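A quick write-up on the structure given underneath.
The values are calculated or read from the model by the stated rules, or taken from the named source; none is laboratory data. Because the structure is a prediction, the values reported are computed rather than measured. A quick note on method: Cβ atoms are made from the backbone with ideal geometry, for glycine too, and the neighbour counts reach across all protein chains shown.
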Amino acid sequence: MHRLDQARDHVIGLYRIVIGFLFACHGLKTLFGLFGAKSTAAVGAWPGWWAAVIQLVCGALVCVGLGSRIAAVLGSGSMAYAYFVVHLPAALFPIQNGGELAAMFCWSLLLVAFIGPGRFALGNLAVRQRTSEPARARATA
C-alpha cells in the first residue's frame, strides 16, 4: 500500500467538488452573463441554452455529491456532444478548434462517474443513515 492511498477518498472528493464547481460556473456564465461573459444564450436556444442548464444543474449536483454519478454521466455526454458537433468540424485537435474545455470536462466528469464521489458527498450521508438504521433498530429491540 502506498502512503498516498490513505488520502485517496479525500482527494477524490475534493476533485469532484472542484470539477462540479467549475462546470456549474461555466453554466452560470452562459445563462446569466456572470464572470465576465460577453453575452448570454437566448432562453430555450438549442444547443447553447440547454447545454448551460445541464452544466449548471449537473455541476451543482456533482459539486455537492448528490446523484453525482448520474449527473457526471449526463454532463460528460453533453460535453462529448459539444466537442463532436460544435468543435470537431472546425479542426481535429482541441487546441486548434477551441474544444479544450469540452474535452477536459467530458473526461473529468466521466472519471467522476466511474470512481464515485469520494468523501464530502451529501449522497454518502443518505447511505450512512440507511445502513445505520437497522443497527439502531436492533439496539433498541
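Please state which one of His87, His10 is at pLDDT 95 or above and under 19 Å from the mean Cα position of the chain (by Cα). Reasoning before the result, please.
Numbers: His87 fails: under 19 Å from the mean Cα position of the chain (by Cα).
It is His10.
Answer yes if at least one residue in the range 98-108 is hydroxyl-bearing (Ser, Thr, Tyr), crowded, with 16+ Cβ neighbours inside 10 Å and farther than 19 Å from Lys29 by Cβ, and no otherwise.
Going residue by residue through the range 98-108, those that are hydroxyl-bearing (Ser, Thr, Tyr) are 108.
Filter once more, keeping what is crowded, with 16+ Cβ neighbours inside 10 Å: 108.
Add one more test, that the residue is farther than 19 Å from Lys29 by Cβ, and what stays is none.
So far as the range 98-108 goes, no, none of its residues is hydroxyl-bearing (Ser, Thr, Tyr), crowded, with 16+ Cβ neighbours inside 10 Å and farther than 19 Å from Lys29 by Cβ.
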Residue hits (the range 29-43; closer than 16 Å to Val57 by Cα and of a type in the set (Phe, Trp, Tyr)) are Phe32
Please go through the range 91-102 and pick out each residue that is touching a residue at least 12 places away in the same chain (Cβ under 8 Å) and part of a helix (DSSP H, G or I).
-> Leu101, Ala102
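Determine whether Gly116 is within 12 Å of the chain's Cα centre (by Cα), touching a residue at least 60 places away in the same chain (Cβ under 8 Å) and surrounded by fewer than 21 Cβ atoms within 10 Å (Cβ to Cβ).
Numbers: within 12 Å of the chain's Cα centre (by Cα): yes; touching a residue at least 60 places away in the same chain (Cβ under 8 Å): yes; surrounded by fewer than 21 Cβ atoms within 10 Å (Cβ to Cβ): yes.
When the stated conditions are applied, Gly116 passes them.
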